[in-house]
Amino acid sequence: MDPVGVGCVSLAYARVPFYPCSASTWHPLDRFYICGPARLRKTLFEPTKSPPIPQLNPSHHHHARHAHLLHPSPSSNLISLDLLFSPCKLHRTYLSAAGRNNKPLRPSSIREPLFSFGVIADVQYADIPDGRSFLGVPRYYRHSISVLQRAVSTWNKQHNIKFSINFGDIIDGYCPKDKSLWAVQKVLDEFEKFDGPTYHMFGNHCLYNLPRGKLVSLLKMPTDSDRAYYDFSPCPEYRFVVLDAYDFSALGWPRDHPVTAEAFKFLEEKNPNSDKNSPDGLVGVDRRFVMFNGGVGKEQLSWLNDVLQDASARRQNVIICSHLPMDPGSASFAALMWNYDEVMAIVRQYKCVKACFAGHDHKGGHSVDSHGIHHRTLEAALECPPGTSAFGHIEVYPDKLLLSKVVEDGDWRWQQLLCLPLNLPPLSQEDRGSKTKLEGSNRKG
């Protein structure tokens, strides 16, 4: 049975392997179809509400796995699926969504992905007691490295994760400066246990601790100079672009460097506060003009244009990675890149960029911009209480990306899935700037 479209909202189906030898049939949940045991077919959830988690008895084998659906975003036509599994047991699950023209994408279960890669953001490790952000959100400085350890262990056990991407801020700004190098190396030692390469980028907390040149070397960035932006292609069909979001910044450069002087002049013009880390009094997207953010410099913008031009000629899909988000719908305004508009103006000259991933805004977020490009901000490992996690992996297909995020709570593990259909047509004005988040992302970090 194929999904159908109602109005401008496309419907979806999911095929979920519950346990061996169970009788399964397609079950319509208004806008959804779910494949599962007969006992679950009696459970109907309202499609516009987040369903309750059922009471499960782990001693019963038929309760060892259960699934429930979250509602789609009416503006982005994206589906989020939340799965509850038995402790420490993750099973392969497939999700597919219909496109805006109501032509369904066939289930991913009929083919393997081109490749998969791991993702984690904002570890911000420090060997200091737990604290809070300036907004009062708890931060677990010592526990964050445990989140990274679980991420690496999970990726290695899956045996199909080709590489991983760290979205910056591997240590925290409160890390004692005489321990900065030690802390960075401690985190990198954990990444080294991964069975593949890890691609890194700068975050503001990295630059609070060590100078740019030192970090480029420590993070083994694949560049032929001290620059911190680069691209790589894991297969002929895809290219990844890693931006240096602090190329133009008041952070990381020597105090007497021309970039530092220019950045401070820029902040003086944009932010009247004496504390340039404060967005107080700034309105809307102007709240991004704070010192803990930064921008992409002119030379890097030119390089980006050349890379996208080449990728277009090669008919490659491009995924852009940046510590700073680049769409107002995917993050708080105070977390955006200074000149995200300039970067996206170059991106929109081409049709090759399909998704932009970022960190920095710890609560995470997701949006689809006016040109149909996905923007996904990843939740921070730093703000995961003990026993919980925030990391995942992305399966890459020719026509979609499948983001699988692990969330832990005590003895239980969720696997949250978000399907990002590629080649979406531009959004209408009504749909622009929509913000879609995985259910529970604020609670679980």
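Which residue out of Asn209, Asn277, Asn204, Asn271 is modelled with pLDDT of 95 or more, among the polar types (S, T, N, Q) and surrounded by fewer than 22 Cβ atoms within 10 Å (Cβ to Cβ)? That would be Asn277, the only listed residue that is modelled with pLDDT of 95 or more, among the polar types (S, T, N, Q) and surrounded by fewer than 22 Cβ atoms within 10 Å (Cβ to Cβ). Filtering the stretch 287-313 to residues that are exposed (fewer than 15 other Cβ atoms within 10 Å of the Cβ) and either farther than 15 Å from Gln349 by Cβ or within 23 Å of the chain's Cα centre (by Cα) (or both) leaves Lys298, Glu299. Flag set for Phe194, criterion: in contact (Cβ under 8 Å) with a residue 12 or more places away in the chain, more than 21 Å from Ser322 (Cα to Cα), surrounded by 18 or more Cβ atoms within 10 Å (Cβ to Cβ) and in contact with a Gly (Cβ under 8 Å, 6 or more places away or on another chain). Candidates are the residues of the stretch 138-178 that are in contact with a His (Cβ under 7 Å, 6 or more places away or on another chain) and of a type in the set (Phe, Trp, Tyr); the one that is farthest from His362 (Cα to Cα) is Trp155. In summary, Val137 fulfils each of the numbered conditions (1) under 25 Å from Pro211 (Cα atoms); (2) touching an Asp or Glu at 6+ places or on another chain (Cβ under 7 Å); (3) at pLDDT below 95 with the single exception of condition (1). Against the criterion of being among the small types (Gly, Ala, Ser), at pLDDT 60 or above and in a loop (DSSP other than H, G, I, E, B), Ser428 does not qualify.
The values are calculated or read from the model by the stated rules, or taken from the named source; none is laboratory data. Please read these numbers as outputs of a predicted model, since none were measured by experiment. Virtual Cβ from ideal backbone geometry, glycine too; neighbours counted across all protein chains shown.
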